[in-house]
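Worksheet for the structure shown next.
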Amino acid sequence: MIGIPWSLLRGNTTMMYGWAMATMRFGLWAGGVKVRVSGRERFPIGEAAIVVSNHISNVDPPVLLPLVPGQTSVFLKAELMKIPLLGLVMRMGKFVPVARAKSREEARTSVDAASKVLAGGYNIFLFPEGTRSTDGNMLPFRKGAFYLAVQSGAPIAPMIVRGTSAMMPKGTLKSKSGRAEVEFLEPIRPSEGETPDELAKRVRAAMEEALKADGR
């Protein structure tokens, strides 16, 4: 109730975003979730990035988002933008709507909207698998993040999360305490003439190598 009118008056959402991240961190603390981070110095500072991560639990978003430097946007269902007040907050936060029909034209519209968000200095965060893995092995990647990187020239900033699958696995809303480990990997920039498929393979190889180093 304070953050929305204050953000409207000031013309930016920095304070409201900070409150949202603080709320996530408090929720993790209250739930007994500890987070250990490594490699954060690898994140590309001074430019907006497309942040991708593996996905193994409902706990992943509140674990990962507060760790990303700067202000970060996400993709979400377009229908959520129509919810009173919540939709306003999401528009102010530069969230990118995605149509359920997923036609080629609608996908192009979402990528164009995300490119504008990146140009405005916001990171974009998404899970390229699209859904949670039930065994820790990465599912096939969807190509949206990589089309976006090729079109915008923005770097991909991969992250790896471990340890959250036991806290809130797919199919349950019950949470458990535990320790999550998050690793920032080296950013990967699209090469000249590289296709989204080729970029996706490079990013996936880097993430799989990091997971393999953990014994997976």
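The values are calculated or read from the model by the stated rules, or taken from the named source; none is laboratory data. Nothing here was measured: the structure is a model prediction, and the numbers come from that model. With ideal geometry, Cβ positions are generated from the backbone for all residues, glycine too; neighbour counts draw on all protein chains shown. Accessible surface areas use protein heavy atoms only, side chains included; no ligands, DNA or RNA. Shrake-Rupley method; radii C 1.70, N 1.55, O 1.52, S 1.80 Å.
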Order of 41-47, 64-70, 145-151 by packing, highest average Cβ count within 10 Å first? 145-151, 64-70, 41-47
At 1.4 Å probe size, what's the solvent-accessible area of D135? Round to the nearest 10 Å². 100 Å²
Non-local residues with an amide H under 5 Å from the amide H of G178, with H modelled 1.01 Å from N and Pro and chain starts lacking one, are V33, K34
With every protein chain kept in place and a 1.4 Å probe, the residues L139, L28, L199 fall, from largest accessible area down, as L139, L28, L199
I want the local charge near K201. Using Cβ-Cβ distances under 15 Å, sum +1 for each Lys or Arg and -1 for each Asp or Glu among the other residues. -1
Between E198 and K116, take the C-beta separation as r, use R0 = 22 Å, and let me know the FRET efficiency to the nearest 0.05. 0.35
